[in-house]
1. Could you derive backbone 3J(HN,Hα) for the stretch 189-206 from the dihedral phi with the Karplus parameters 6.51, -1.76 and 1.60 (θ = phi - 60°), listing whole Hz in sequence and x where the residue is Gly or Pro?
2. Per residue of the stretch 62-74, in order, report the coupling 6.51 cos²θ - 1.76 cosθ + 1.60 (Karplus, θ = phi - 60°) as ³J(HN,Hα) in whole Hz, putting x for Gly and Pro.
3. So what are the ³J(HN,Hα) numbers for the stretch 221-230, from phi and the Karplus equation (6.51, -1.76, 1.60; θ = phi - 60°), rounded to whole Hz, Gly and Pro as x?
4. Just want the ordering: Ile293, Ile191, from fewest to most Cβ atoms lying within 10 Å of their own Cβ.
5. Compute the distance from the alpha-carbon center of the stretch 73-88 to that of the stretch 39-63, in whole Å.
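Values in this text are rule-based calculations from the coordinates and carry no lab data. What you are looking at is a predicted structure, and each value in this text was computed from that prediction instead of being measured. Because the Cβ atoms are built from the backbone with ideal geometry, glycine has one as well, and the counts that use them run over all protein chains shown.
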Amino acid sequence: MTHDTRAGWGAALLAAASFGLSGPLAKGLMDAGWSSAAAVAARVLLAAVVLAPIAAAQLRGQWKLLRRNASFIAVYALLAIAGCQLAYFNAVAHMEVGVALLIEFTAPVAVVGWLWLSRGQRPTGLTVLGAGLGVLGLLFVLEVTSGARVSLVGVLWALAAMVGAAAYFVLSAREDNALPGTVLAAGGLLIGGIALVLAGLAGIVPFTASTAPVAFNGFTVAWWLPVLALGVVTAALAYVAGIAATRRLGSRLASFVALNEVLMALVFAWLLLGEAPRASQLLGGALVLAGVIAVRLGEPAVAVDSPVAVDEAQDAGVQLDRQLS
């Protein structure tokens with residue numbers, strides 16, 4: 001294993017852990033009086049501030065790229081960043097973090113369906129198998145077979161987050177805009193955060209924050225600590241680490257390693273919130289992850305001929321390291 005490969009694995013695992021921490025931190029804030037919109041806005045705006053200097057350096061003065069892609073960045077910001085994260089945080093307010101994230105992680109299955117319906121890209125047999133495993137896994141995650149009560153509101157919000165994550169994958173795969181990954185991330189985070197603040201001021205979404213201490217499982221911290229961690233660790237650091245991982249490992253391998261986000265989220269939810277998954281949910285989670293892996297493996301290979309095209313393809317795959325929080 002080369003030095004670059006080892007560094008890529010380390011960066012990918014760091015990104016997965018950073019993203020996985022977001023749900024438990026947000027749930028603690030919301031239990032302390034924060035609305036989901038305020039928590040998302042704090043997270044994305046802080047991340048935008050941290051990433052802005054890096055994005056400006058990557059642009060190298062080519063500001064026309066921003067003007068040419070302004071509408072694309074706006075759609076990306078509202079649907080794939082702000083909308084997706086708002087739906088996910090609303091979901092964890094009504095259900096366990098791990099369950100919400102596993103539902104969101106069925107997004108690749110939704111992407112396959114969208115590409116089939118909109119572009120006629122018929123899925124392979126392995127992809128269909130993966131989709132079936134994902135659906136079966138969800139039944140176990142939601143404990144439908146045991147007759148347990150499920151929060152319908154939470155499930156609907158998690159499904160909305162899945163749609164946002166699917167849009168994230170589809171929009172991030174565009175290769176015709178020449179936008180560096182960090183520029184797209186920083187622009188999307190900034191616009192998404194501003195949109196949430198304006199929506200809160202207009203009364204479109206509840207927008208409340210609190211300076212009350214935030215209680216977790218067995219300890220309490222000042223409100224600004226989880227806010228700072230949400231912005232700097234679970235967003236800015238996570239994006240930078242994800243970009244570094246993808247450029248060293250390639251988008252396909254990095255996206256596989258990013259599946260560790262589910263495991264990390266379960267661990268953090270257990271440590272911070274005392275949410276221990278049940279045996280049936282662990283089985284369902286394993287089936288969901290197996291289904292996602294099968295869907296990934298079932299994707300048709302893309303031929304890339306030139307070094308320039310390799311770099312562009314890897315940049316387009318940067319966002320596959322997210323898992324959609």
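1. So the Karplus estimates, Gly and Pro as x, are 5, 5, 5, x, x, 5, 4, 5, 4, 5, 5, x, 5, 7, x, 6, 10, x Hz.
2. Couplings: 8, 5, 5, 4, 5, 5, 5, 10, 4, 5, 5, 4, 5 Hz.
3. These are the phi-based 3J(HN,Hα) values: 10, 5, 4, 6, 5, x, 5, 4, 5, 4 Hz.
4. Ile293, Ile191
5. Spelled out, the Cα-based centre of one part sits 16 Å from the other.
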